[in-house]
Each structure stands twice: as structure tokens, then as C-alpha cells.
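Notes for the one structure printed next.
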Amino acid sequence: NHEPEPTLRMIMFGKPGAGKGTLSARLVRKYDILSLSTGDLLRQHIAEKTEVGRTAEEIVAKGGLLPDEIMLRVVTSKLDHLHNKHWILDGFPRTLGQGQLLDAHLRNQNTPLSLIVNLDVPDEIILSRISDRWVHLPSGRVYNLSYNRPKVAGHDDETGEPLTKRPDDNPEIFARRLAQFYASTSPLLSYYSASASSAAHPGAKMVSLRGTTSDEIWPQLDRAVRLAAPGLRERLEERK
Ligand code: AP5
């Protein structure tokens, strides 16, 4: 009479440009995991001019945060279809209010968090990355002119479509996003570090990964994920 294999239900925090998108894409390539990025979801809403997209456009362009209730709806409308899959949330929660809303939602669904990851990358490192970032909007794939160049300059590796700059990737707006991180996300981090493995998050482990490159952080992240969900299957085509 075996316990079911633990399911990976992971949230990932980090400053803008810390590498959340890059690292979660790497996990998804290696393992049978799904990732939801709220930044990507909002950019899709904006491109499709949905009601959420119309609200989000100006807020995202200015580096502000959308209201917690809207974000909960954006996330749970996707999350609730994932059932017993392994998943990662990238970019949500990012305020204390969102953390509490997510906790209440997961409690109702009886799907508790299993891993809380804090990517801790120094400010001066991320500032230099942003000016080199190019994105493929429809998929959320991210490139960097010095770190992970596209195979053909200016084009997405998989579709060949043109890459674009994010409108919020300029120095002034980036500074605002970073300030927003310190104001809103730091209290959330204290909330999780005080409550990981306690009654509020019984099975959840919290890890802080420090490093200046994703190559330093990746092996630590890989280890934490395997410990949280030992039954995770590697995708066959990936041999790394
Ligand atoms: P979002 O898209 O989540 O933006 P963010 O948190 O600012 O994070 P980024 O996407 O900028 O960075 P990342 O950590 O994913 O880094 P990446 O892997 O790309 O959100 C955008 C906006 O949406 C927010 O500002 C807000 O308005 C709104 N929003 C989203 N979620 C919300 C929420 N929950 N509540 C309210 N509002 C919300 O890496 C960065 C660059 O570095 C890339 O070019 C990459 O190639 C490069 N890179 C990565 N690793 C390395 C390395 N090791 N060495 C060199 N370069 C590297």
C-alpha cells in the first residue's frame, strides 16, 4: 500500500531578470513538468486584447503590479486544469496578499505546495542582462545576446519568427520593477521562510539559491526539484 509519488508544486521567486523564465524552461525541457509564467500569460492577454489584457497593458508597461484578485483569476483559470501534473509557477505569487490567496485556493483543492524557490541574484548582475534580452512573444521563449543567443540573429529558434524587445525592458521601468520587488515580494519571502514546513505549508521545503549565473544555480535547482519529487520522469529526448 504505497503512498502516491509526491507531486511537484513549486513556486519560484526572484528579482526581475533573475532567470526565473530561463530556469523554469530548462526544468520543463528536462522533466515532465508544466510551467505557468504570469508575465507570459499577461503578455498574451495584452496581445489578444482581452479584458484582463486591457487592464494589464498600462500597468505592465509602467512596471507596476496588477491587483491580487485579477492575478489569482489569471493563474487559477489555468492551474485548476492541471490536476495531478507537476507544475511550476513563475512570477506568482509576488505580494503577501497573493501568497495568502494562493494558499487558501490550494487548501481548498487539497493540493499543497511542495517547493518554494528563491533565486537570489545580485542587482548589478541582472541590470546588465536586461538590455541584452530578446523575447519570442507567442511562446515566451527568452534569448540573450551574450548568454543564450538565438541560432539566427533576431529570430526564434523553433518558429523562425522575429524576436522583439519587451516594452518594460528599459532602464527607467526596470528600476521601477526592481523597487516593486523589494517593496512587495520581500514581505512575501519572509512569510514563506517563517512558515515553510510548518502547519501553513506542511510538506513544503524552501530553498534559497544564490549565484551570479544560471549555470551556477541550475545544479542546485535540479537537486532541490529531485528531492521534492523523486518520481519525476525525465523527458526521453533530453539527455543532459
Ligand atoms: P514578468 O514577466 O514575470 O517579469 P519579471 O518578474 O520582471 O521577470 P523577468 O521576466 O524580467 O525575468 P526572469 O527572472 O524570468 O528572467 P529571464 O529568465 O528572462 O512580469 C512582467 C510584468 O507583469 C510585471 O512587471 C507586472 O507588471 C506583471 N505581473 C506579472 N506577474 C504578476 C503578479 N503575480 N502580480 C501582479 N503583476 C504581475 O532572464 C533575464 C535575462 O537574463 C534573459 O535575457 C536571459 O537570457 C538572461 N539570462 C538568464 N540567465 C542568465 C545567465 N546565467 N547569464 C547571463 N544571462 C542570463
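The values are calculated or read from the model by the stated rules, or taken from the named source; none is laboratory data. Predicted, not measured: the structure shown is a model, and the values here were computed from it. Quick reminder, even Gly has a Cβ in these numbers, built from the backbone with ideal geometry, and neighbours come from all protein chains shown. Note: accessible area is taken over every heavy atom of the protein model, side chains too, but ligands, DNA and RNA are not part of it. Shrake-Rupley method; radii C 1.70, N 1.55, O 1.52, S 1.80 Å.
Computed values, structure above
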| item | result |
| --- | --- |
| Subset tally (residues that are polar (S, T, N, Q), part of a loop (DSSP other than H, G, I, E, B) and open to solvent by less than 30 Å² (accessible area, probe 1.4 Å)) for region 62-108 | 1 |
| Selection status of residue 200, among the hydrophobic types (A, V, I, L, M, F, W, C) and either in contact with an Asp or Glu (Cβ under 7 Å, 6 or more places away or on another chain) or open to solvent by less than 60 Å² (accessible area, probe 1.4 Å) (or both) | yes |
| Given (1) aliphatic (A, V, I, L, M); (2) open to solvent by 70 Å² or more (accessible area, probe 1.4 Å); (3) at pLDDT 95 or above, number of the condition residue 225 does not satisfy | (2) |
| Single condition residue 57 does not satisfy, out of (1) under 22 Å from residue 175 (Cα atoms); (2) open to solvent by less than 30 Å² (accessible area, probe 1.4 Å); (3) more than 9 Å from the ligand (Cβ to nearest atom) | (2) |
| Some residue of region 204-227 being part of a loop (DSSP other than H, G, I, E, B), of a type in the set (Asp, Glu) and either under 18 Å from the mean Cα position of the chain (by Cα) or within 20 Å of residue 88 (Cβ to Cβ) (or both) | no |
| Considering residues of region 140-173 that are more than 8 Å from the ligand (Cβ to nearest atom) and under 18 Å from the mean Cα position of the chain (by Cα) only, the residue most open to solvent (accessible area, probe 1.4 Å) | 141 |
| Test result for residue 49, in contact with a helix residue (DSSP H, G or I) (Cβ under 9 Å, 6 or more places away or on another chain), on the phi > 0 side of the Ramachandran plot and more than 8 Å from the ligand (Cβ to nearest atom) | yes |
| Residue that is farthest from residue 6 (Cα to Cα) [pool: residues in region 107-135 that are more than 12 Å from the ligand (Cβ to nearest atom) and without any contact (Cβ under 8 Å) to a residue 12 or more places away in the chain] | 124 |
| Qualifying residue in region 26-38 (condition: under 24 Å from residue 201 (Cβ atoms), near the ligand (Cβ under 8 Å from one of its atoms) and open to solvent by 10 Å² or more (accessible area, probe 1.4 Å)) | yes |
| Within region 42-51, considering residues that are more than 19 Å from the chain's Cα centre (by Cα) and of a type outside the set (Ser, Thr, Tyr), the one nearest to residue 72 (Cα to Cα) | 51 |
| Conditions (1) in contact with a helix residue (DSSP H, G or I) (Cβ under 8 Å, 6 or more places away or on another chain); (2) free of Cβ contacts under 8 Å to residues at least 24 places away in the same chain: number failed by residue 195 | (1) |
| Top-ranked residue of region 60-98 - restricted to ones that are of a type in the set (Gly, Ala, Ser) and within 10 Å of the ligand (Cβ to nearest atom), ranked as farthest from residue 187 (Cα to Cα) | 61 |
